[in-house]
Every structure is written in structure tokens, then in C-alpha cells.
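Visitor: Below are the C-alpha cells for one structure; questions will follow.
Computed from the coordinates by the stated procedures, all read-outs in this text should not be read as laboratory data. Not measured: the values here are computed from a predicted model. Positions of Cβ are generated from backbone atoms using ideal geometry, with glycine treated the same way; all protein chains shown enter the neighbour counts.
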Amino acid sequence: MNTAENKRSIMVGIFVLIAIVIFVIGILTLGGQQKRFIESITVSTIFEDVEGLKIGNNVWFSGVKIGTVKEINFYGESQVQVVMNIEEEAQKYIRQNSKARISSESLIGNKIIEIFGGTPAAEQVQDGDMLASEANLNTDDIMKTLQENNKNLATITGNFSEISNRLVRGEGTVGTLLTDSTLAQDFKSMVASLESTSQNAVRASRDLSRFTNKLNTQGSLADNLLTDTTIFNRLEQSMVQLEQATQSATQMAQNLQQASSKFNNENNAVGVLLNDQQFANQLQRTMQNLETSSQKFDQNMEALQSNILFRGFFRKREKEQQEAAEEAQEQLEEQQQPIQDNQ
Amino acid sequence: MGLQDNKADTARRQKYVVTRRLDRIFLELYKIYAFHVRFFKEVFVPPYEFKEVVRQCYEVGVRSLPLISLTGFIIGIVFTNQSRPSLAEFGASSWLPSLVSIAIVRALAPLVTAIIAAGRVGSNIGAELGSMRVTEQIDAMEVSATNPFNFLVVTRVLATTFMVPALAMYTIFVALMGAYLNVSQNELTSFTTYITQVFEAITFLDIFSSIIKTFIFGFTIGMVGCYKGYYSSKGTEGVGKAANSSVVTAMFMVFIEELLALQVINLFRAM
């Protein structure tokens, strides 16, 4: 083998070696990026709809890529089972009560599975475990909501347009306010009135301030009431006495109430007098009898005065009464005589 | 007259199985088939022409490297620059590394390498073997008990088959570096971020499918060049025709294979 051939062979060898090195570096970098050469566990979850998720799509936990989608299979009648490869390093952070949902890397990015939630009390996820899934808002739902919002926005802007048109035409209260010069003048005068009112209010507040200053003047009643502890103590005592009087009055009222309630019963004399109809009738008859008896007694007494045996007694008493009256007249006259002399 | 015409028609029918043109096409197809069968027979049969294989590898691989590298570098820059406005419309300029890596690894690098190789190596092989055929060097080799097929065809086809994938690797690397140069200038993306995004977008299937494609492209370029040169005729005119035909046919075949490979790869990607 001559030198030229040797050189060619070496060059070809270097050429091929560098190409292989590029290839191997590419494979290793890609494998490292896709976490192909590290230990992983398998976790699955079941979705109603995977929204176009593909094998190889990323699995995220707290925004960090922790694995890839390994398999997508139909499950049951219409559900879809998604099997994921999760790095062993991330295993300790994922709990058995964590959930999975379909999401996307960005607004128009690839679909991903996002694992979230989980409580520290729960055990960490194990190889072959199944995580619960959560349905997510898909793009169609978002678009529907946006469409609804657009319609509402169109209606609102239409209404605003109508309002502005009416304002321009001077319709309605606000429109009239904006276009009617009379109303503007009224408004001006109203503002002027308001200004006047506010000035009055200022004056009133000034007077009030002066009045309160007077109240605070030392020696005034209000000041004494507010500051003098002796007056306050007296007032307090008065209040206590007033309270006691009120209590006594209350007690008295209660007694009266009890007494009046007794009046309504027939087990006592007053109650019988007030409430017993039969007794009232008897009493009435008795009173009638008494009246009749007294009339007859008067007649008897008149007859007795005419009687010769008792006539002397009645004349004697009449004479004594007459004498007593005359004596009283004399005393009165004696008393009035010195007054007339003085005058 | 009529009798004579009938006789001539009958003679023509007896001379050609279908028609002259169709017969030629089928004959050509058979020759291609026989050429391939002979290659696969000869490739495993000693003597093995290692020195010649290495020489051809040097010619195909090492000598083509500067041209391929420059082309790849330019492709990387140009493709990135041309893709930017479309992505910028969506405010997605940050996706340039991903887009560029997918385009380069999946299609651009294998195709560009194959086309450059077809243009440079295919024409070279066609012209070389054609002139050897025209100057009866191949006949002389047969007379001197040297297997010209083994020495001329097998070595060249092996060289193209193995060197085109290697060249494609270089092209991928250089094109991605060219794209990085452009991206870092415009988007101020760091090298780490760029590499992360490049490898985030591609898969093992992309890399392996590209490599397998380039093996096929290399084999095709070698076979087409050797076939056209090996069976060239008509003197010096035939040499030029063989060289030209080698390039055109090889490029056409490369694009057809790219299309077929894409369908097959998509089948795998869907699985």
C-alpha cells in the first residue's frame, strides 16, 4: 500500500468516524432529551376524551416534563386509557390521589397530560397505578364561550349605539339635559341654589360650633353636667331614688291589680257587693224596706213629738239651740267691733 | 403492393413481441433487474476490492464534503430566514429551531445530500464508466480475467451507499449550525436553548428514517450512475449522454423514493 492510498484510507476513516460521532451524539442528546435512557415507571389514567393526544406527547407535573405518553387504548364502551412513562425521579412527588388532565403546551402547542394535586398524606404513586382524571375545558368549549361573549358584546355595543343616537337626537332625560338650553339654565340656577344652600350650611355649622363652645363654657349647666362630679353624683342618687319610687309605684300598681282581681271574685264582701246579682237584688229590696221604714219612723217621730209625754223634751232642746245661736251671734259682733274702731 | 405490405407487417410482428418501443422498455427493465441481481451476487462473492472501495469512498465522501458542507450551511441559513416571516405573523418566532430541525432532519438534509451527490458523484461515475465502455477498457478487463463488474460497479455502489448517509450526517450538523447562526443573530437564542428546542421537536423515528433514506438514495445514485455508464454506447456522445442521464435519472429516482419513503414513515408514525 503506497502513501497516497494510506492517506486516502485515513481520510476516509476520519470522515466516517466523525459522521458516526455526529450520529451517536445526536442519538444520545435526543435520548437524553426524551428521557429514553433513564428508569421509569408506568402509570395509567382513563379519559372520556383525549382531544387528539398522541403517543410520545409529554407528561407534565408542576410545569416540568416528567415523562411521555406510552400507549393510548380504548377502554370500556367509549373511554380511552392512556398509559404514561413517568421518571422514577419524579415518582416521589406524585401521590396516589393526584389527578391527570389533558392540557396543551401553549395556546396552539401540542397536547400534553398534566398531573396535578395530591396530598402529602397519600402514598406516592407506584408502578402500574391508575390516576383519576379530570375533564378539562377543550378548545371547542372555549370557542363557544367566546362566541357567546361576542354576541353579548355585539348586543351591548348595539345598545350603546342606540343610546348615543338618542342622546344626539335629544331623546330621553339625559338627551334633553344635553340638548335643551332651558334645562341647562335650570341646572345652572339649581347649582346656584345649591351653592347658596351650602353657604347656609356653613353658617349653620358655624352657629352650631359657637353653641357647642357655649356649652363648654365653665360654670354653665351643660358644662356642670358634663364635668362636675358632685352634680353627677346627685343626679345619680336622684335617679336611684326615682328608680326606687318607680319600683314602689310598680309594686303599688301590682297590689291594686291584685285587689281589683279580688273584687272580681265572689269569695269576699266587696266581690259579693260588686259581682253578686242576687245579693244586689236583696240589698236593693233591703234598701227599699229601709226607706219605707224610715218614712214610717218619721211619721212615728212626728206623732211622738205631738205626744204629751215627750212634748216637753223637744221644747227644751229647741230652746237650748236658740240660745246657743244667739250667743254665737253676740260673740261675732264683739269680734267685729275693734276692727271698725281701728278703721 | 397490398400483398407486400401485409408481408412486411407480419415480419415486423414476428420481430417485436409487442411493439418496438414497448419491447425496448421491457428489455431495459430486464437489464436493470439483471444488473441489480448481478450486483447482489457479486457483492458477496470474493474477491473483495477493499482498496477500490476505500478509494471510491474517498472520492464520493471526502471529496464531496466541502461542497456538501457549504450547501448545507447555506440551506440552514436560508431556510431559517425564509421561515421567519411566516412564524412571526403568529408571534411564534421562538418556534424556529423546532421548525428548522424538523425540516432539516426529516427532508432537507437527506434530499440536498442526495441531489448534490447525484450531481457530483452520479455524473462522475456515469462518465467514468461510459468512457471505459467506449474505449473498451471494460471489455479488456473481461478478456484479462478481471471481473469488471466487481471492480467497477460493486465498489462504486458500496461507496455511494455508505458515504451518502455519512454526508447526510454532516449536512444535518452543518445546516443546524447555520440555522443557529441565523436564529442567534435575530432571536438572540442561546445555544443551549436552541439545541433543546431542536431535539424537542424530532424523534428517533425522524433520525433513523432519514438515515435509512440516505442509504437508499446512495444506493440508487451508485446503481443509476454505474448502470448508465456500464451500458453506454455510441462513442464519445454516449459518454456525455451517460453522464447526463445518470444525473437526471438519479435525481428523479431520489424524489420518487422520497415520496414513497414519506408514505412508509407516516405509516410508522401513525402506529
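Visitor: If each of A:LYS111 and A:GLN257 carries a label point 7 Å out from its Cα toward its Cβ, how far apart are those two points in nm?
Guide: Distance between the two pseudo-spin positions: 8.2 nm.
Visitor: Per residue and in Å³, how big is the convex hull formed by the alpha-carbon atoms of the protein assembly as shown? Spell out each step's value before the answer.
Guide: Details: hull volume 434.3 nm³, N = 614.
Value for the protein assembly as shown: 707 Å³ per residue.
Visitor: Another question, if that's okay. Order these by the 10 Å Cβ neighbour count, fewest first: B:MET163, B:MET251, B:MET223, B:MET141.
Guide: Values: B:MET163 31, B:MET251 20, B:MET223 24, B:MET141 17.
With the sparsest Cβ surroundings first, the list reads B:MET141, B:MET251, B:MET223, B:MET163.
Visitor: How large is the charge dipole for chain A, taken about the Cα centre, if only the Cβ atoms of Lys, Arg (+1) and Asp, Glu (-1) carry charge, to the nearest 20 debye?
Guide: Values: 30 positive and 43 negative charges, 372 e Å.
Dipole of chain A, to the nearest 20 debye: 1780 debye.
Visitor: Shifting gears a bit: Output the antiparallel fraction of DSSP beta bridges having both residues in the protein assembly as shown, as a percent to the nearest 5. Walk me through the numbers before you get to the answer.
Guide: Details: 27 of 34 bridges.
About 80 percent, rounded to the nearest 5.
Visitor: Right, something else. Per residue of B:160-172, what is the mean number of Cβ atoms on other protein chains within 10 angstrom of that residue's Cβ? Don't skip to the end; give the middle numbers.
Guide: Numbers: counts 0, 0, 3, 4, 0, 4, 9, 2, 3, 10, 4, 0, 3.
Mean inter-chain Cβ contacts per residue within 10 Å come to 3.
Visitor: Report the paramagnetic label zone for A:THR3: residues of region B:32-72 whose backbone N is under 20 Å from a point 7 Å from Cα along the Cα-to-Cβ axis.
Guide: B:55
Visitor: Which of the helices in chain B meet the span-like rule: DSSP H, Cα axial reach of 30 Å or more, Kyte-Doolittle mean at least -0.5?
Guide: Numbers: long enough: B:20-43 (34 Å, -0.01); B:65-89 (37 Å, 0.88); B:155-187 (46 Å, 0.91); B:204-230 (38 Å, 1.13); B:235-270 (51 Å, 0.91).
Helix filter hits for chain B: B:20-43, B:65-89, B:155-187, B:204-230, B:235-270.
Visitor: Hey, can you rank B:131-137, A:273-279, B:100-106, A:188-194 by average C-beta count inside 10 Å, highest first? Let's see the in-between values first.
Guide: On the way: B:131-137: 16.6, A:273-279: 12.0, B:100-106: 22.9, A:188-194: 10.1.
The packing order, highest mean first, is B:100-106, B:131-137, A:273-279, A:188-194.
Visitor: What is the distance in Å between the Cα centroid of region A:171-192 and that of region B:73-106?
Guide: When both Cα centres are located, 64 Å separates them.
Visitor: Report the percentage of all Cα-Cα pairs in region A:37-142 whose separation exceeds 22 Å, rounded to a whole percent.
Guide: Working: 1357 of 5565 pairs.
Distances greater than 22 Å cover 24 percent of the Cα pairs.
Visitor: Ok, one more. For region A:236-343, which GluC sites (Glu not before Pro) are in a loop by DSSP, counting at most 14 other Cβ atoms within 10 Å?
Guide: Details: sites: A:GLU236, A:GLU243, A:GLU266, A:GLU291, A:GLU302, A:GLU318, A:GLU320, A:GLU323, A:GLU326, A:GLU327, A:GLU330, A:GLU333, A:GLU334; in loops: A:GLU266.
When the GluC sites (Glu not before Pro) of region A:236-343 are filtered for loop state and at most 14 Cβ neighbours within 10 Å, A:GLU266 remain.
Visitor: What do you get for trypsin sites (Lys or Arg not before Pro) in region A:76-168 restricted to DSSP loop and a cutoff of at most 11 other Cβ within 10 Å of the site's Cβ? Could you put the intermediate results ahead of the total?
Guide: On the way: sites: A:LYS92, A:ARG95, A:LYS99, A:ARG101, A:LYS111, A:LYS144, A:LYS151, A:ARG166; in loops: A:LYS92.
Loop-located and lightly packed - A:LYS92.
Visitor: When you look at the Cβ of every residue in B:194-207, what mean number of other chain Cβ atoms sits within 10 Å?
Guide: Values: counts 0, 2, 2, 1, 4, 7, 7, 2, 4, 3, 7, 1, 1, 4.
Mean shielding by partner chains, rounded to a whole number: 3.
Visitor: Loop-only check: which chymotrypsin sites (Phe, Trp or Tyr not before Pro) in region B:70-136 are DSSP coil with at most 13 other Cβ within 10 angstrom?
Guide: Values: sites: B:PHE73, B:PHE79, B:PHE90, B:TRP95; in loops: B:PHE90.
Loop-located and lightly packed - B:PHE90.
Visitor: Take each uninterrupted DSSP H stretch in chain A, measure its Cα extent along the helix axis, and return the ones at 18 Å or beyond whose mean Kyte-Doolittle hydropathy is at least 0.0.
Guide: Values: long enough: A:3-33 (44 Å, 1.55); A:139-169 (44 Å, -0.68); A:181-215 (50 Å, -0.43); A:229-263 (50 Å, -0.56); A:277-306 (43 Å, -1.23); A:311-342 (49 Å, -2.09).
Span-like helices here: A:3-33.
Visitor: Looking only at chain A, where both bridge partners belong to it, what percent of the DSSP beta bridges are antiparallel (to the nearest 5)?
Guide: On the way: 27 of 34 bridges.
In chain A, approximately 80 percent of DSSP beta bridges are antiparallel ones.
Visitor: Further question on the same structure: Under a crude label model (7 Å from the Cα following the beta-carbon direction), how far is A:GLU330 from A:TRP60 in nanometres?
Guide: 13.9 nm
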